[in-house]
Amino acid sequence: MICRFPARFIAVRAAVSARYNPASTALSTTTMRQKPAPDYLSGYPAALAAEVRRLIEQDLLADMLLRKYPLAHAVRTDTALYDYVMELKDEYLRNAGQLSKVMFDSKLHVIRQALGTHTSISRVQGQKLKSKREIRIAAVFREMPIAFLRMIVVHELAHIRERAHDKAFYQLCRHMEADYHQLEFDLRAYLSHLDATGRPLWSAAVLPGARTDEKRGASG
């Protein structure tokens, strides 16, 4: 069963494409960066943002999100995250360069005020210029639905080709995930709920025998 938000609340495709200003609420440091006092809905129409806040105040938003996204994903380790990211990259950006590291970062959201980062460092080795790319995803995404994880991963992968949050960037995001804008809006609504209430809606899905301390290093 798919939860249907009120029409004013969820008219995202029309509202986002016509009035959403990505630059005002960019999600990463190449980047998914947040303001010191986060307003996760600042790029959306005021009436839409007000509706989300009303639903949070009336304790209605949580149930709506849980009906639409009932389960957390099972991507628990850095190794599993690396494999998940590489599967998407190989499908859509196979020739876009290699990733040397992919990991969850527990300090990212707090210290760098970001939900995800894509960084590229170039070094001269002998007579060649080599680049190392890495993607870090805020640890808060460990306890979210797979759709939200996919959305942030798609965002960071798109930065391999498109550095700015411009038309080409969002076209690439939508190419990798057709519901990108809807998922970003739902994610921002959830983050607004989390910021206002401090109550996570999902618990991480841990598979039997899964390790939670694995990390994928520079060698992949």
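Quick note: the coordinates plus some simple rules give every number you see, no bench work behind them. In this text, all values refer to a predicted model and were calculated from it rather than measured experimentally. Here the Cβ is made from the backbone with ideal geometry for all residues, glycine too, and neighbour counts use every protein chain on show.
Between Lys132 and Gln58, how many nm apart are label points set 7 Å from Cα along the C-beta direction?
5.2
Figure the gain on full extension for Leu66 and Ser42 (residue separation times 0.36 nm, minus the Cα-Cα span) and round it to one decimal in nm. If you can, show how the numbers build up before the last one.
Numbers: separation 24, 0.36 × 24 = 8.64 nm, distance 2.34 nm.
This chain segment gains 6.3 nm when fully extended.
Once you put a point 7 Å from the Cα of Asp195 and another 7 Å from the Cα of Ile146, both along the Cβ direction, what distance in nm separates them?
2.9
Based on alpha-carbon centroids, what's the gap between region 43-76 and region 125-189 in Å, whole number please?
21
Grab the Cα-Cα distance for Arg94 and Ala50, subtract it from 0.36 nm times how many residues apart they are, and report the gain in nm with one decimal.
Working: separation 44, 0.36 × 44 = 15.84 nm, distance 4.10 nm.
Using 0.36 nm per residue and subtracting the Cα-Cα distance, I get 11.7 nm.
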